[in-house]
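Each remark here refers to the structure printed beneath this line.
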Amino acid sequence: MSHVEGVFLTLALEIGLAQTIAETLKDIDGAIASLPDTVGAATYRQRLEGQRASLRNPTLRTSAALVASMCARDPSLTPRIRSAFADLAARHADLAVFYGQLPAAAQDLQRAS
């Protein structure tokens, strides 16, 4: 892992990535438990199990997507991660789409003025 990825992941954990993963895993487990035991639910169950496996061993892509989602829910997190996320997106072009989803937080707008 490079310095850029390390800084991003450290900051992501500081703003609540681990908690978001834990909460999402709990939601997925609840959804799986509530599925009926039918043929029609099998495809949905398989998809949920794939998501659960992905969250148990998150890739950099999964982490970036979750951080973008966290910032969308709470824009005040954005200024704390924006610079590290920009560096990550510059190094990994495939993650730039998630960086582009970051909201403009009030603090960012004040600094731009």
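Each residue in the stretch 1-38 was checked for being open to solvent by 50 Å² or more (accessible area, probe 1.4 Å), assigned to a loop (DSSP other than H, G, I, E, B) and either among the β-branched types (V, I, T) or within 18 Å of L88 (Cα to Cα) (or both), and 2 pass.
The rows are residues; the columns are (1) surrounded by fewer than 16 Cβ atoms within 10 Å (Cβ to Cβ); (2) within 12 Å of F8 (Cα to Cα); (3) among the hydroxyl-bearing types (S, T, Y); (4) in contact (Cβ under 8 Å) with a residue 24 or more places away in the chain.
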site	(1), (2), (3), (4)
S63	no, yes, yes, yes
V67	no, yes, no, yes
D74	yes, no, no, no
P79	no, no, no, yes
R82	no, yes, no, yes
A86	yes, yes, no, no
A93	yes, no, no, no
G100	yes, no, no, no
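Only one residue in R47, R56 is of a type in the set (K, R) and closer than 27 Å to A89 by Cβ. Which one? The unique qualifying residue is R56. Just one of (1) within 14 Å of the chain's Cα centre (by Cα); (2) under 20 Å from I28 (Cα atoms); (3) aliphatic (A, V, I, L, M) fails for A72. It is (2).
Screening A106 with (1) more than 26 Å from S2 (Cβ to Cβ); (2) surrounded by fewer than 16 Cβ atoms within 10 Å (Cβ to Cβ); (3) modelled with pLDDT of 95 or more gives one miss only, at (3).
The values are calculated or read from the model by the stated rules, or taken from the named source; none is laboratory data. Treat the numbers as computed from the prediction; the structure is a model and nothing was measured. In this analysis, Cβ positions are derived from the backbone assuming ideal geometry, glycine residues included, and neighbour counts consider all displayed protein chains. Protein only, heavy atoms only, side chains kept; ligands, DNA and RNA dropped before computing areas. Shrake-Rupley method; radii C 1.70, N 1.55, O 1.52, S 1.80 Å.
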